[in-house]
Amino acid sequence: TETFVLKARVVNKRDKWRHIARGEALRNAEGNEIVTAERYFLSGKSEYTFRNRSYVFGLITYDDDRFSGFDYIATGILGYGRVVMDREKLKLNLEVGAGGRQSEPDIGETNNEAVFRAAGDFEWKISDSATFIQELSSDIGRDKTISRSLTALTTQINSHLSSRFAYQVRHTSEVPPG
């Protein structure tokens, strides 16, 4: 079995703006190049802080999972976020927003729907070298709800090397037959 996983996250902060870009690629092949998993995910988010703890954001995502029953799922959201807790070792952000989602099943027509988003990010700096994070989000639409959860523990081994143990779950409430 061959497995290829690539994940990248870039954050740019300038005054009241924060921009976050993410990319993920996954490919798993067995034996004679029989592909059993293939997924590509891109997202971009811009936040503008207009008060000390409040911000507005725009988020776009594109998910191409070859084994999900969809050719692609693209989402655009505008919303409001609030830094609920910002202590030295604990941080909690909550977000709500609304927008649209376009999905194209492998067999069928393109589907457009309005979506409501609820999300939260929690970070706990356990020690100088260990950090726990929990990210939750749900994009709720008329036809389907897509929820994501990421639980991770990152430890800093030295100034140039760290390790991360993570568990990620994605759930789509309604998928095409087959």
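The values are calculated or read from the model by the stated rules, or taken from the named source; none is laboratory data. Remember, predicted model here, so these are calculated numbers, not experimental data. FYI the Cβ positions are ideal-geometry reconstructions off the backbone, even for glycines, and counts take in every protein chain you see. When the accessible area is computed, the model is the full protein with side chains, heavy atoms only, and any ligands, DNA or RNA have been set aside. Shrake-Rupley method; radii C 1.70, N 1.55, O 1.52, S 1.80 Å.
Name every residue in the range 133-167 that is assigned to a strand (DSSP E or B) and open to solvent by 80 Å² or more (accessible area, probe 1.4 Å), in order of residue number. Listed by number, the residues that qualify are 136, 156, 164, 165, 167. The C-beta contact set for the range 14-31 (first residue assigned to a loop (DSSP other than H, G, I, E, B), second residue open to solvent by 70 Å² or more (accessible area, probe 1.4 Å), distance under 6 angstrom, 6+ apart or interchain) comprises 16/48. Quick one: would you say residue 107 is more than 20 Å from residue 7 (Cβ to Cβ), among the hydrophobic types (A, V, I, L, M, F, W, C) and in contact with a Pro (Cβ under 7 Å, 6 or more places away or on another chain)? Judged against the criteria, residue 107 is a match. One residue stands out in the range 100-127 among those that are among the aliphatic types (A, V, I, L, M) and buried (at least 16 other Cβ atoms within 10 Å of the Cβ): the one that is farthest from residue 73 (Cα to Cα), namely 119. Scanning the range 79-92 turns up no residue that is surrounded by 15 or more Cβ atoms within 10 Å (Cβ to Cβ), more than 13 Å from the chain's Cα centre (by Cα) and assigned to a loop (DSSP other than H, G, I, E, B).
Residue check: residue 130 meets all listed conditions (1) at pLDDT 95 or above; (2) more than 16 Å from the chain's Cα centre (by Cα); (3) open to solvent by 30 Å² or more (accessible area, probe 1.4 Å); (4) not β-branched (Val, Ile, Thr) but one, namely (3).
There is at least one residue in the range 112-126 that is part of a strand (DSSP E or B), in contact (Cβ under 8 Å) with a residue 24 or more places away in the chain, under 18 Å from residue 63 (Cα atoms) and among the basic types (Lys, Arg). Do we have residue 60 as under 16 Å from the mean Cα position of the chain (by Cα), touching a residue at least 40 places away in the same chain (Cβ under 8 Å) and closer than 22 Å to residue 138 by Cβ here? So residue 60 does not fit the description; no. Determine which single condition residue 68 fails, assuming it passes every other condition in (1) out of contact with any Gly (no Cβ under 6 Å at 6 or more places or on another chain); (2) assigned to a strand (DSSP E or B); (3) open to solvent by less than 40 Å² (accessible area, probe 1.4 Å). Here residue 68 meets the rest and fails (2).
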